[in-house]
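Below is one structure, written out as C-alpha cells; the observations come after it.
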Amino acid sequence: MDRTTPAAGNEEIELYIRTIYSLLRSSGPIRLRSLEESHAGINSSLHHRAESLEIDVAALTYAALRLPACFPDVSLVVMGQMEEVFRRKGYPDVERWRSVAARARRRKLYFDEQRHILAAFIASVSDIDDMVPTMVAYQIEWNKLHQKLNHNHTLLADLGQLASASPADAPPSDKALLAIDEFLTVERKARIRTALDLSESDFEMLYNLWPGWELVENLRKAATQRMDTRVNVLGSGLSDYRRSVQLWWQRLDAHDAFELGERPVYFVSSNTHSLTNLFSGFVRQEGQQIIDLIEREQPEALHEEYRRLLDEAPEQVGNLLYYASRFYLSHGQLGRQAQARFAEHEAGVGLQRMRDPHCLDVEAQVLEVSKLRTEWLDPRLGSFSAEEIALLKASDALILNIDYPLGMAAYHVFSQVSTAVSDLMGVYIIGKAATLNGRVGDVMIPNVVYDEHSQNTFLFRNCFTAVDVAPYLRYGTVFDNQKSVTVRGTFLQNRNFMHVFYEESYTDIEMEAGPYLSAIYEDIYPKRHPLNEIVNIFINAPYDIGVLHYASDTPISRRQTLLSKSLSYMGVDATYATTIPVARRILRQEIDRQSGLAKARLAQASGKEQTGAAQ
C-alpha cells in the first residue's frame, strides 16, 4: 500500500454501505430492521453497544439530536431532492405538511401527522449516508427501551396515569406540568433508571435529552410502541441533485444588484454568523446592552467569563459578545427590537441573506466589499490607511458565504458556483472535524486530504499556516501541515478504521474537504476528477485555497466525544480563530488586487500620454 494513500475502510463498513444502497434501489419502502444486523456488525465508534442488550444512551442521544422530535411517531420516511421529485412519486404537497426540525442537523423536514410520514429533502448521497444509519441507531436503541419497559406493569401504570393528565398532542397545561414535577420525584426517577438498567450518568444524559414531559411521554410511547420504520428514496439520480442545486443558485442569482456571474467572488464555506459578525459591527455596537443582559440573566455563567476576560484577555471580549448575542436577539421584546436594527445594519454594509431556499437547506450570504465600513470591522481584522480604505471602496468584489453543506453536497454546490462565477478569487473552507491526536477546540490546517468518496489523495498548498491562526486562539492549539480524511458518514467509522488512518499520520476526520477539492479540480482542469489517484493541485490552482478545521470531537479518546459534550461557548474560541484569518486574507487580497489595478490603469494612462506626445 502506498504510504500516502490509506485503505478505504474495512470490510464490515463496506458491506454495510453496499447493503444500504442495494436495498434502497427497491422501488418500494424497505424496513430499517433489514439493516440492523449490518449496522451492528461494523461496531461503529458512535454505537459500540449496538449488539448489546444494554441501552447505549450516548448513541441514542446522538441519533435523537439529528432527527426530529416526532420520529417515534414516524412509520415511513420518504427522501427526495426537491418538491418536483416528491410530486412525481405521489406526494404533491409535502411543503404543506408540518415543518419539523432536528436540533443538531440542518435538513428540510415535513411531517404528515395523519399518515405518519416524514418527508426529508436530501442534497446529496451524503444525506443518505448520514440519515439512514442515524435512523437505524435510533430504532435499535428505542426498541431496547421497549423491551425493558414493556413488562414493567407498575411503571406502565404510572406513565399512563400521568399521560392522561394532559393529551400528548397538546402543550402540557400548568396543571400537567405540576403533575410532572410531582411525578418525577427522586424515588420515581430511581425506579425508571432501575427499569432501564442505566447508570446515574447515563440516566442524566437521557434526562438531558428528554427533560421533564418529554421523558415521560417518550417512555410511555416506547413501552407500548415497538419501532418498525420504513424508508424510501424517491429520486437518487445525479441529475436530480444537480437540478436542486441549480434551483438554489437561480434564486440566489436573481438579485439584480449582485451580478454574481459577472463580478469577482471570494467563496467562503463556514456558518451564518461568524463572518458577518466580524464585518457588520452590529454586535459590538450593541455591546453594552448585551453585557447588561448577561449580568442580569447570567445565562451559562457568561457574566463570570466576561469578568475573567476583562482581566486576562480583553481582546477576546468580542467572542463572548458574539456568542451572547444569540440570547440578546431572542430575548422577548428587547430581542425583537434588536432583530429589526440587526437587519437594517446588515443591509447598510451591503450584506444580503438568502434563507429558506426552495430545495437546499443551505443559507447563503452575499456581501459587497465596497460597502464595508472599516470603522465597524472587528479590530482584530487590522487597521487600514486612508489609501487602503479608498481601494476597498473602489472594489467591485463580492464575498459569497454559505452555511457549510454536508458531505457531497459541497461538491454539487461548488460545481454550480464555479460554473456560474467567471472570476473566483479564493476558496476558503471552515468546518468542524474530529481530531485523533488533539483536544476539542484545537485547530487543524491540512495540506493533504484523502477522500473516501473518490478514494483520491489530494495534495494542495493551503494558504493558511499556524502563524495565521494562533494569535486569535485562546484555549486550543494549532496544528498545520496535517493530513485529513473525508469520511462518508459519522456512523460509518469504527476504531479499527480510525487506527488505519492514524498509522498513516492522518489526524483530521471531517466530511467536506474531499468533495470541495474534487470540484476545485474540475474547475482547474478540463476533465472530471480522477478516482483512486494521488492528485496534485499544488501548482495549477489559479486562486487561494484555504482549509481550516476546528475539533469538535476526539473519537479515539474515551474522555470526550461529541456524544457527551457540546462545544457551547468554548466553540466560539476556535470558530473566530479560524474565521478571522479568512476575513483578514480576503481584505488584504482585495487591497492588493485593487492596488495592482490602479497601477495598471495609471501605467496605461501614462502610456497613452507618451504616445500622444510622440505623435
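The values are calculated or read from the model by the stated rules, or taken from the named source; none is laboratory data. Just so you know, these numbers come straight off a predicted model, no measurement behind them. No Cβ is skipped: glycine too gets one built from the backbone with ideal geometry, and neighbour counts run over all protein chains shown.
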Being outside the structural domain of Ala58 (by TED's automatic domain parsing), assigned to a helix (DSSP H, G or I) and in contact (Cβ under 8 Å) with a residue 12 or more places away in the chain narrows Leu219, Leu247 down to just Leu247
Condition first: crowded, with 20+ Cβ neighbours inside 10 Å and at pLDDT below 90. Can you find one or more residues in the stretch 48-61 that meet it?
no
Counting only residues that are modelled with pLDDT under 90 and closer than 13 Å to Leu155 by Cβ, the stretch 201-222 contains a total of 3
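Determine if the stretch 392-405 includes at least one residue that is assigned by TED's automatic domain parsing to the domain that holds Phe479, in a loop (DSSP other than H, G, I, E, B) and touching a Gly at 6+ places or on another chain (Cβ under 7 Å). Break it down stepwise before answering.
Of all residues in the stretch 392-405, those assigned by TED's automatic domain parsing to the domain that holds Phe479 come to 392-405.
Filter once more, so that each one left must be in a loop (DSSP other than H, G, I, E, B): 394-397, 404-405.
Going one step further and asking which of them are touching a Gly at 6+ places or on another chain (Cβ under 7 Å), we end up with 404.
There is at least one residue in the stretch 392-405 that is assigned by TED's automatic domain parsing to the domain that holds Phe479, in a loop (DSSP other than H, G, I, E, B) and touching a Gly at 6+ places or on another chain (Cβ under 7 Å).
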Take Asn319 and decide whether it is in contact with an Asp or Glu (Cβ under 8 Å, 6 or more places away or on another chain), closer than 30 Å to Ile520 by Cα and buried (at least 21 other Cβ atoms within 10 Å of the Cβ).
no
List the residue pairs whose Cβ atoms are under 8 Å apart, where the first residue sits in the stretch 396-409 and is charged (D, E, K, R), the second is part of a strand (DSSP E or B), and the two are 6 or more positions apart or on different chains.
Asp396/Pro264; Asp403/Ser270; Asp403/Ala364
If I ask for residues that are among the acidic types (Asp, Glu), without any contact (Cβ under 8 Å) to a residue 60 or more places away in the chain and in a loop (DSSP other than H, G, I, E, B), which ones from the stretch 344-391 would you list?
Asp356
Just name the residue that is nearest to Asp573 (Cα to Cα) out of those in the stretch 414-451 that are small (Gly, Ala, Ser) and in contact with a strand residue (DSSP E or B) (Cβ under 7 Å, 6 or more places away or on another chain).
Gly441
Single condition Val268 does not satisfy, out of (1) over 27 Å from Ile20 (Cβ atoms); (2) surrounded by fewer than 18 Cβ atoms within 10 Å (Cβ to Cβ):
(2)
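Looking for something touching a strand residue (DSSP E or B) at 6+ places or on another chain (Cβ under 6 Å) and either modelled with pLDDT of 90 or more or of a type in the set (A, V, I, L, M) (or both) - is there at least one such residue anywhere in the stretch 285-303?
Initial filter on the stretch 285-303 (touching a strand residue (DSSP E or B) at 6+ places or on another chain (Cβ under 6 Å)): none.
No - not one qualifying residue is present in the stretch 285-303.
Those residues that are in a helix (DSSP H, G or I) and either polar (S, T, N, Q) or within 19 Å of Ser552 (Cα to Cα) (or both), I need them from the stretch 44-73; list them, please.
Let us first name the residues in the stretch 44-73 that are in a helix (DSSP H, G or I), namely 57-65, 71-73.
Of everything in the stretch 44-73, those that are in a helix (DSSP H, G or I) and either polar (S, T, N, Q) or within 19 Å of Ser552 (Cα to Cα) (or both) turn out to be Ala58, Ala59, Leu60, Thr61, Tyr62, Ala63, Ala64, Leu65.
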Out of the stretch 477-493, which residues are closer than 16 Å to Ile20 by Cβ and more than 17 Å from the chain's Cα centre (by Cα)?
Leu492, Gln493
Long-range neighbours under 8 Å by Cβ, at least six apart or interchain, first residue modelled with pLDDT of 85 or more within the stretch 186-200, second surrounded by 12 or more Cβ atoms within 10 Å (Cβ to Cβ) and among the acidic types (Asp, Glu):
Asp197/Glu54
Would you mind listing the helices (runs of 4 or more DSSP H) fully within the stretch 258-299 where at least 2 residues are within 13 Å of Tyr328 (Cα to Cα)?
282-285, 287-297
Restrict the check to the stretch 86-102 and report whether at least one residue is surrounded by 22 or more Cβ atoms within 10 Å (Cβ to Cβ) and in a loop (DSSP other than H, G, I, E, B).
no
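Taking the stretch 33-51 on its own, how many of its residues are touching a His at 6+ places or on another chain (Cβ under 9 Å) and among the hydrophobic types (A, V, I, L, M, F, W, C)? Spell out the reasoning first.
Let us first name the residues in the stretch 33-51 that are touching a His at 6+ places or on another chain (Cβ under 9 Å), namely 39-40, 47, 50.
Filter again for among the hydrophobic types (A, V, I, L, M, F, W, C), leaving 40, 50.
Summing the residues that are touching a His at 6+ places or on another chain (Cβ under 9 Å) and among the hydrophobic types (A, V, I, L, M, F, W, C) in the stretch 33-51 gives 2.
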Among residues of the stretch 521-554, those that are within 25 Å of the chain's Cα centre (by Cα), of a type in the set (Val, Ile, Thr) and modelled with pLDDT under 90, counted
1
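Tell me whether the stretch 402-422 contains one or more residues that are more than 21 Å from the chain's Cα centre (by Cα) and acidic (Asp, Glu). Explain how you work it out, then say what you get.
Let us first name the residues in the stretch 402-422 that are more than 21 Å from the chain's Cα centre (by Cα), namely 418-422.
Next, only the ones that are acidic (Asp, Glu) stay: none.
No, the stretch 402-422 contains no residue that is more than 21 Å from the chain's Cα centre (by Cα) and acidic (Asp, Glu).
Could you grab me the full set of residues in the stretch 332-343 that are touching a residue at least 40 places away in the same chain (Cβ under 8 Å) and of a type in the set (Gly, Ala, Ser)? Walk me through it before giving the result.
Residues of the stretch 332-343 that are touching a residue at least 40 places away in the same chain (Cβ under 8 Å), as a first pass: 334, 338, 341-342.
The one that is touching a residue at least 40 places away in the same chain (Cβ under 8 Å) and of a type in the set (Gly, Ala, Ser): Ala338.
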What number of residues in the stretch 103-119 are assigned to a strand (DSSP E or B) and either touching a residue at least 40 places away in the same chain (Cβ under 8 Å) or out of contact with any helix residue (DSSP H, G or I) (no Cβ under 7 Å at 6 or more places or on another chain) (or both)?
6
Among the helices (runs of 4 or more DSSP H) lying completely within the stretch 446-541, list those that include at least 3 residues that are surrounded by 18 or more Cβ atoms within 10 Å (Cβ to Cβ).
495-503, 513-524
Of all residues in the stretch 215-257, how many are closer than 13 Å to His412 by Cα and of a type in the set (A, V, I, L, M)?
3
